[in-house]
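The values are calculated or read from the model by the stated rules, or taken from the named source; none is laboratory data. Keep in mind that what you see is a predicted model, and the values were worked out from it rather than measured. A quick note on method: Cβ atoms are made from the backbone with ideal geometry, for glycine too, and the neighbour counts reach across all protein chains shown.
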Amino acid sequence: MAFGFGKRVAKPEQRVSAGELNNRFDRRTFFIGAVQGGIGLLLAGRMTYLAVAQNEKYELASESNRVDLTLIPPRRGWILDRDGVPLASNRADFRVDLIPDRIVDVDQTLQVLGDVLALTPAGITDLRDKIESTSGFRPVEVATGVDWEQFAALSVRLPDLPGVVPQRGFSRYYPTGPAVGHLLGYVGTVSAEEYEEEPEPLLITPGFKIGKDGVEKYFEHTLRGEPGARRAEVTASGKIVRDLDMREDVQGDPVQLTIDGPLQDYAARRLGPESGSVVVMDLKNGDILAASSMPSFDPNSFSDGIGRIEWKMLSEDDHVPLRNKVLSGLYPPGSTVKPFVSLAFLEGGLDPEESVVCNGGLRVGNRVFRCWNRRGHGRTNMAKGIYQSCDVYFYYFAQRIGMERIANMARRLGLGYQYPLPVASQSYGTVPDPEWKLKKYDKEWQAFDTVNATIGQGYMLVNPLQQAVMTSRIASGLRIQPRLLLENAPRPAPSLNLPEEHLQVVRQAMRDVVNGPGTAGRARLPIDGIELAGKTGTAQVVSLAYGRGGRDVPWKYRDHGHFICFAPADKPRYACAVAIEHGAGSSSAYPVARDVMTFLFDANKALEVLHNYEKEWGGTAQERLSRKYAAYEQAYGGAAPKPEQGEIQDAVEEGRRPAPSPSPVDAAGAPRPPEGDAPDPGVDGAAGDGDTPDTGTTD
Amino acid sequence: MARASVPAFIAREPWGVILPLTVLVLFGAAVLYSAAGGNLWPWSLLHVVRFGVFLTMAFVISRFSMDFIKAIAVPVYILLVLLLMAVEAMGFVGGGSQRWLNLGFMTLQPSELMKPGIVLILARLYDLLPGGHVQNFKSLLPPAVLIGLPVGLVLLQPDLGTSLAIMFGAVVVMFLAGLPMAWFISVGVAGMAAIPALFFFALHPYQQKRVLTFLDPESDPLGAGYHITQSQIAIGSGGFFGKGFGNGTQSHLNYLPEPHTDFVFATMAEEWGMAGGFFVIFVFGLLLRWGLKVAIAAPDRFSRLLAAGMTATIFFYTAVNLMMVMGLAPVVGIPLPFMSHGGSSMMTIMICVGLIMAVNRWSQRRVSNFD
């Protein structure tokens, strides 16, 4: 090295001459110059490396900085009723989303959003929950339907609010709200699992919603459409400088259902505060005209996510508002089985005029089975057995005809099956027979099992849709399949191959249930010339140890109320099934069926009735729901407990699955609840209630 | 040559450096014009005006006699230390760090002036110190105090970049003054060994973060590594000839932080490409080469150390800034001379240039006296 090391020079003597220092200065200056030159070369090399070798990479990075590709969520296809009226449409509105990953100061952002958008404390708490539970770039919806002033005020403050995305968009709108909640489902922002399953950028675009349940979920790909896109030049803070180009979205295809929108809404509203369901079918080709299940949720408010207050409301409601009772409810059908049991009897060769004397009970083997009418029906033939719903008649002849034949008839009429419908799930129900019992419980079929089955108790379980299908098959004599999608070509239903005279016996008896000396005289249609034919059903849910299933016991121990019917009685056109959970007997069900059927023939008359009821109940279902929400919000504000991770998802899934099978009730072995609007016989003979041995309970 | 047609006192000025510098400043003004979105205001015009003022100042400084410069070395140093203390005291009273004094008509950053100040006082010290004492260990004490005082005060502000610049100027002067090589080597080795300790105990958390992100900028591209990443994107996306004047998207769309001060080189490189970058590096090369040539040609110890020390100070600014914007050094707030917008730093640099010009004059006078 040219420059001197001090030590080596210094060794001979401590003193250094001025000349030596000058030399040293020159050498060291040269060294410094060399270092400077070296660094200059290093910088030039680095410059070349960045600008030439890495040019492509950085050009791409710069371009992806500059150009912001925004997907425009496609407008969702409409869901139409049979007349082309939308059950679900889209509303153009201003909306605000948040991208949690881009937020710098959560507290400050939430505060500004709260101020500008006038959010409630509960709303802010929900928003905070959503931000905490969202990962990556999945957006969180802040508000839809924002008005122009708020939208403008927020847009002005955008540079200080990274992560906030206000935009024009469309939000899903369900005009009849809760009436279609279970049927159509709802839409919502994409969950982590859904994104994992389908990792498309569209799914995490702010404003995009995916079908979460019901028709919305089943027809997701039909309804979704093609996203549009906008390429824009943006600043670092996300402000758009100018639009580069733009592609319009393609709206999703519509889905047209067989549902009659007004009827669906009417049926839902007519259920009132009860927990129940109504199914109406058109016998012409099996169209499902209404499938209402209440209480429900408002899909309009579900679509912006389920907040703490909504969650509290839902989870505290013992009427299971998340379950679609039409498809997933499972009930012992009670006496509504009697028409098809009668058909089985007829097929088994029983003369419909052959009769038995009912004294209020029947001894089978060593046990006494009670009729619901403790004083007895006297001499009872098949017609009377149906319209008076005499249990003894069925206990007696069921012994002769046998369970096999009854079970076969049940299956022939559609019980115990799932139907080919575009829905997420249906329950099968249970049509019990000896073979089934042996397989399931490893026990022999007993006489009292037959007895229970003939009155729709014990192991027998159905869902309301199956009841409607069964009714439509009895009414038409055809093997009708339910149809929900209008574009599916109706297939002519094959005959059930049941003798017309058999069917006539049963239909006539069902007509007399309403229009004759039957159990549902008050179900008569208020329309001249159109008669309703039906059958009541009261199903016990617990054995009588809990008390009688009337209105004086706690709600969950009350009997279920059923009513199946068709009209007009002479030329059947519509079939209907109503099930009211814990309605304390069939008298809760048939007024609903009557009014729904009335609506089909004279809508104004039916609406008049409904308006009177709604005055009493305090408004339509939607109004009551929002009032309830307001009350909860008042009571809890932002302090409602936070739903556990995945709890909501689980509850929604749970609501979609069939209800847990209720444990079989040995109803025949105990005093029976009164049927229809006949007086409660128990009032007279109350003293004798307790001594009936509660034997042979099957579980 | 055109010597005959120009007066001698003008012809004697180092135009070979001043002209390229002026071009560089005008180039800087063009970049600032573009960075302001095609506006002379607020940066570009002021930049040129300041250069005019400070160039005049540099010419004035270059007229000072060596005796005068030697005479003011100590008073200037004392004044600057007092000003640093005043800044510290005001920051203490006002709460929070403060680096400048508001004199009413301008803000004065004493730590900036200390960069040439320390070179001046050390050059004076080694000028006075008898040659033999250079080797003496005891003679390290005065420079240690002279350096330690301002560096400590600046570190208190806290301003790591400026204190490093002050130390760099000082160490280069001591190196050239002929102190034993072994001392530098051992201090260098000790310094290397002490780096981990310094990192964990002496640096503020934000400074530690800057160092860490420098080592791995990709680890946090939206957070602390943002500056480095965006700066490299700007430089790299420019290619050979850049995106064209006024077309830089990184700077215009605000992706590049501080496009008019610390990262002005990135702003320039995006629009002018590698060609622009090489031009800037070339002009700085000319300036530094001239500075060292003046130092070697200088007539005595004081002027040699002075010129070389000033050159080193300019070099430090330039090298650290360019290394930072190209991702070769951590982010430290040091502007690029002649291009970054900012009065204090330009004044400092022009004082350095003025003093080198003065040394240049002194040696010319000596030569002409011999004639």
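Tabulated data for the structure shown
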read-out: Qualifying residues in region A:349-386 (those that are of a type in the set (Lys, Arg) and more than 22 Å from A:Met409 (Cβ to Cβ)) - the one nearest to the chain's Cα centre (by Cα); value: A:Arg370
read-out: Any hit, region A:378-388, residues being over 23 Å from A:Val578 (Cα atoms), in contact (Cβ under 8 Å) with a residue 12 or more places away in the chain, out of contact with any Leu (no Cβ under 8 Å at 6 or more places or on another chain) and polar (S, T, N, Q); value: yes
read-out: Every residue from region A:38-56 that is facing chain B (nearest Cβ under 7 Å), part of a helix (DSSP H, G or I) and not hydrophobic (A, V, I, L, M, F, W, C); value: A:Gly40, A:Arg46, A:Thr48, A:Asn55
read-out: Residues satisfying the stated conditions in region B:175-196, i.e. crowded, with 21+ Cβ neighbours inside 10 Å and under 21 Å from B:Phe315 (Cα atoms); value: B:Phe175, B:Leu176, B:Ala177, B:Gly178
read-out: Some residue of region A:68-79 being under 30 Å from B:Gly239 (Cα atoms) and basic (Lys, Arg); value: no
read-out: Tabulated pairs, region A:173-200, first hydroxyl-bearing (Ser, Thr, Tyr), second assigned to a helix (DSSP H, G or I), C-beta under 6 angstrom, 6+ apart or interchain; value: A:Tyr174/A:Val180; A:Tyr174/A:Pro299; A:Tyr174/A:Asn300; A:Thr176/A:Asp265; A:Tyr186/A:Pro299; A:Tyr186/A:Phe302; A:Tyr195/A:Leu203
read-out: Any pair with Cβ under 6 angstrom, 6 or more apart, that starts in region A:475-492 at a residue that is in a loop (DSSP other than H, G, I, E, B) and ends at one that is among the basic types (Lys, Arg); value: A:Ile480/A:Arg473; A:Leu486/A:Arg82
read-out: Test: residue in region B:172-187 that is in a helix (DSSP H, G or I) and away from every other protein chain (no Cβ under 14 Å); value: no
read-out: Residue in region B:262-276 that is within 11 Å of chain A (Cβ to nearest Cβ), in a helix (DSSP H, G or I) and closer than 25 Å to A:Glu20 by Cα present; value: no
read-out: Filter result (part of a loop (DSSP other than H, G, I, E, B) and facing chain A (nearest Cβ under 10 Å)) within region B:308-330; value: B:Met326, B:Gly327, B:Leu328
read-out: Residue satisfying condition, being β-branched (Val, Ile, Thr) and within 14 Å of chain B (Cβ to nearest Cβ), within set A:Val234, A:Val320; value: A:Val234
read-out: Count of region B:233-261 residues which are within 11 Å of chain A (Cβ to nearest Cβ), within 24 Å of the chain's Cα centre (by Cα) and surrounded by fewer than 24 Cβ atoms within 10 Å (Cβ to Cβ); value: 1
read-out: Number of the condition not met by A:Leu110 [criteria: (1) part of a strand (DSSP E or B); (2) free of Cβ contacts under 8 Å to residues at least 24 places away in the same chain; (3) not hydroxyl-bearing (Ser, Thr, Tyr)]; value: (1)
read-out: Any hit, region B:36-49, residues being more than 29 Å from B:Pro259 (Cβ to Cβ), within 23 Å of the chain's Cα centre (by Cα) and in a loop (DSSP other than H, G, I, E, B); value: no
read-out: Leading residue by the ranking (surrounded by the most Cβ atoms within 10 Å (Cβ to Cβ)) among those in region A:16-31 that are modelled with pLDDT of 90 or more and among the hydrophobic types (A, V, I, L, M, F, W, C); value: A:Phe25
read-out: Qualifying residue in region A:584-599 (condition: more than 20 Å from A:Thr336 (Cβ to Cβ), crowded, with 17+ Cβ neighbours inside 10 Å, of a type in the set (Val, Ile, Thr) and at pLDDT 85 or above); value: yes
read-out: Members of region A:181-240 found to be outside any helix (DSSP H, G or I), buried (at least 23 other Cβ atoms within 10 Å of the Cβ) and among the aliphatic types (A, V, I, L, M), listed by number; value: A:Val187
read-out: One residue from B:Leu292, B:Leu305 being at the interface with chain A (Cβ under 9 Å from one of its Cβ atoms), free of Cβ contacts under 8 Å to residues at least 40 places away in the same chain, under 23 Å from B:Phe59 (Cβ atoms) and in contact with a helix residue (DSSP H, G or I) (Cβ under 9 Å, 6 or more places away or on another chain); value: B:Leu292
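Okay, residues lined up against (1) more than 25 Å from B:Pro259 (Cβ to Cβ); (2) at pLDDT below 85; (3) among the β-branched types (Val, Ile, Thr):
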| position | (1), (2), (3) |
| --- | --- |
| B:Pro335 | no, no, no |
| B:Gly343 | no, yes, no |
| B:Met347 | no, no, no |
| B:Met350 | no, no, no |
| B:Ile356 | yes, no, yes |
| B:Asn360 | yes, no, no |
| B:Ser363 | yes, no, no |
| B:Arg366 | yes, yes, no |
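Yes/no matrix, rows are residues, columns are (1) modelled with pLDDT of 90 or more; (2) buried (at least 16 other Cβ atoms within 10 Å of the Cβ); (3) farther than 22 Å from A:Ile474 by Cα; (4) among the polar types (S, T, N, Q):
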| residue | (1), (2), (3), (4) |
| --- | --- |
| A:Arg400 | no, no, yes, no |
| A:Leu421 | no, yes, no, no |
| A:Ser425 | no, no, yes, yes |
| A:Glu444 | no, no, yes, no |
